[in-house]
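The values are calculated or read from the model by the stated rules, or taken from the named source; none is laboratory data. On a predicted model such as this, the values are computed, not experimentally measured, just so you know. Methodologically, a virtual Cβ is constructed for each residue, glycine included, from the backbone with ideal geometry; neighbour enumeration extends over all protein chains shown.
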Amino acid sequence: MFRAQFCALLGIGLMLAAASTQARELGLSVDTRIGGDNNVFRTTGGKKSDGFWELSPTVSLRTRNQKLNYDFNYTPTYSTYFKSSGIDGFDHRGQGILSWRPTPVDTIDFNANYRNVRLIREVDVTGGGATPVIEESDRERYQVANVRLSYDRALTARWSTQLAATFDDYDYSRSDSIDSRGYSVELRTQYAWKPITVLGLASSYRRRDSDSSAASRPDEETNIVNISAFIQHSVTPTINAVVQAGPSFIDTKQKFSVPFTMFDSDDQSTSYFALARVEKRWQKSKVSAAYTRSESAGGGSSSASILDDIRLDGNHRFDRRWSVRISAAWVHRKEIAETAGRREETTQYLGYFTLTRRLTRQLSISGQYSFLHQDQNETSFTSQGSIGTIHTGYVSLRYTFDPVVF
């Protein structure tokens, strides 16, 4: 818990330290929602439905100029349920993005995300990252901190290189959860072959430490070396695509302790990681589809895993007042190493539909329906059967105050 909070505070501190003396913009908006959930305790049987009310303000600070740009925000959300007791409370989300160009050929980027929440929402799914595995009585908190620092340098008009370091920390409050931390470094170089085509090579090293609080699960250390090639291409002025793929070499060390005895194991394997994304834009619409295969935290119920993720996202603005967004995702997580002949495997299906109407310059109303379906395999340590499909819907009223420029 402390590590996640420290990373979040460190990120905010770095951004404030680099803040420009030029004009900044302070923003504030407030959302209030009323809706319903068909399975508030996330149980496999005896599901309980309930209505809820939420209040969710967002405060943001941003600036844009030639050398320094930053944008960070904080959103606390208070939820209260009409019939269920003991599950009211706050969720917290924050993000900070900073980009600094000290010279015309050098760029330093910093991106930090922090979540301290009890319930998965749209922003946790469409924003990327490892979606937690849904367990019964899913009101225990989980904290996630993600930090990325990168340095880009243009070597010539066509050649450029990038060095990046990332850190993520997943902490869960469940007594039988598996917390984890991931550290990685990546070096890539790219060549602008044509004005519409960029080619490149990348190599990375990643380590994940998984700490289990359950006596039946081992602690793990997973080391991954990945080498890949990529291509970015503008098929047309409105269609962009990127493909990246390459082999991954994985080494997993397990430490399993029982009274008076300790077992160690070391397993090597080879896999592949990949990214494929295509985006199409129109004047009032945008549609994207993406597939990623990567190493991931285990979602609280398993150790380091291979994550296959397919996402579809589309939005359309009918006119100045009406807009719609549709998002869907298929997420498959499988543990890299077996434990006692078992290997955790989880599949999630997620979908979101949001319709928004702007009533005035500052006031808007939205309606959203979402579903999440999760299946776990029979060899899972934590599975008690599929929770089926969770249906959630709400109507939201948002008021955005005029920004304060200073």
Looking across the range 52-88 at residues that are surrounded by 15 or more Cβ atoms within 10 Å (Cβ to Cβ) and within 21 Å of I387 (Cβ to Cβ), the single one that is nearest to the chain's Cα centre (by Cα) is S79
Residue hits (the range 203-238; under 12 Å from S302 (Cα atoms) and either exposed (fewer than 14 other Cβ atoms within 10 Å of the Cβ) or without any contact (Cβ under 8 Å) to a residue 12 or more places away in the chain (or both)) are S213, S216
Picking from R325, R320, the residue that is more than 30 Å from L201 (Cα to Cα), basic (K, R) and not in a strand (DSSP E or B) would be R320
Over the range 169-189, the set of residues more than 22 Å from Q244 (Cα to Cα) and either at pLDDT 95 or above or not in a loop (DSSP other than H, G, I, E, B) (or both) is D169, Y170, D171, Y172, I178, D179, S180, R181
The residue that is nearest to T270 (Cα to Cα), considering only those in the range 223-254 that are among the polar types (S, T, N, Q) and modelled with pLDDT under 95, is T252
Of the residues in the range 272-315, those that are closer than 17 Å to A245 by Cα, of a type in the set (S, T, N, Q) and either assigned to a loop (DSSP other than H, G, I, E, B) or at pLDDT 95 or above (or both) number 1
Picked from the range 106-120 (must be at pLDDT 95 or above and touching a Lys or Arg at 6+ places or on another chain (Cβ under 6 Å)), the residue nearest to P57 (Cα to Cα) is N111
Apart from one, (1) in a strand (DSSP E or B); (2) modelled with pLDDT under 95 all hold for F353; the odd one out is (2)
- Query: Would you call S323 touching a residue at least 60 places away in the same chain (Cβ under 8 Å) and at negative phi?
  - Reply: no
Of the residues in the range 275-301, those that are touching a residue at least 40 places away in the same chain (Cβ under 8 Å) and closer than 23 Å to T346 by Cβ number 8
Hey, R158 of a type outside the set (S, T, Y) and either touching a residue at least 40 places away in the same chain (Cβ under 8 Å) or buried (at least 16 other Cβ atoms within 10 Å of the Cβ) (or both) or not: no
The residue from A192, A165, A241, A202 that alone is more than 27 Å from R42 (Cα to Cα), in contact with a Leu (Cβ under 6 Å, 6 or more places away or on another chain), in a strand (DSSP E or B) and among the hydrophobic types (A, V, I, L, M, F, W, C) is A165
Considering the range 139-155, residues that are in contact with a Lys or Arg (Cβ under 7 Å, 6 or more places away or on another chain) and free of Cβ contacts under 8 Å to residues at least 40 places away in the same chain, and then whichever is nearest to V105 (Cα to Cα), we arrive at R141
- Query: In this structure, is R333 modelled with pLDDT of 95 or more and of a type in the set (K, R)?
  - Reply: no
Scanning the range 328-345 for residues that are without any contact (Cβ under 8 Å) to a residue 60 or more places away in the chain and assigned to a strand (DSSP E or B), the one farthest from the chain's Cα centre (by Cα) turns out to be R342
